[in-house]
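Single-structure report; data block below.
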Amino acid sequence: MTAVLDPAPSPPQRPAERRRAWLLTAVVGLVVLVYLTGWSVYSLAHTGDDRYRALPPGAPATALDAEWRLLSLVRTDRLTASSGDPGFADAGSTFVVAELERTPTAAVEFAFCTTALLGPGGRVWEPGDLGLDLPSRDTPRCGSEDREVGRTYAFEVIYLVPTAFADQVVGVALPDGATAARTPVLRPPA
């Protein structure tokens, strides 16, 4: 009869190596937990319908280092031009023209005039979507030269919106990616 020899037993793992393995596992787990928590907080603050705060009609909002007021929100299929041909909306779409006032509240190097048109279900349209070739107009646009603190600047913003949603527009949102606060939505005066 032949005796079967057991393979050489592996040397016992030293306690220091075992501790190092558990410590590395704990650190990796903690990094993953911090990442997931940070991403969850960011996504909750920057997504969903509840991230918008509709203001009463005609009420001002403070955002982007300025006080903002929506003077009017008008739907039209034809934009008049100061010179040349008028602009016509494509089939199935319409223009929404927002007349705004912006009063800088802090001295800044650049004036941020970021606006978006908020529609039903959280739909958002940016000014100049779809590469609009707009006619030249006499109405002013918001620009970096409009930064004198306390001075009110009036301007217009033009959005191209599908006709199906034009009557359901909520207002003009003032998105600010630098804050997790809910985005104020200006509504036209009643």
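For the reader, a short list of remarks on this structure follows.
- Cα→Cβ-extended label distance, 7 Å offset, between residue 190 and residue 164, nm: 3.2 nm
- Net length gained if the chain between residue 106 and residue 39 were fully extended (0.36 nm per residue, minus Cα distance): 21.0 nm
- Contour excess over end-to-end distance, with Cα ends at residue 14 and residue 85 and 0.36 nm allotted per residue: 17.1 nm
- Take the Cα of residue 154, step 7 Å toward its Cβ, do the same at residue 21, and the gap between the two points is 7.6 nm.
- The heavy atoms of residue 110 present about 110 square angstrom of accessible area, all protein chains included, probe 1.4 Å.
The values are calculated or read from the model by the stated rules, or taken from the named source; none is laboratory data. Computed from a prediction, not measured in an experiment: that's the story for all the values here. Glycine gets a Cβ as well: all are built from the backbone with ideal geometry, and neighbour counts include every protein chain shown. Side chains included, ligands, DNA and RNA excluded: accessible areas come from the protein's heavy atoms. Shrake-Rupley method; radii C 1.70, N 1.55, O 1.52, S 1.80 Å.
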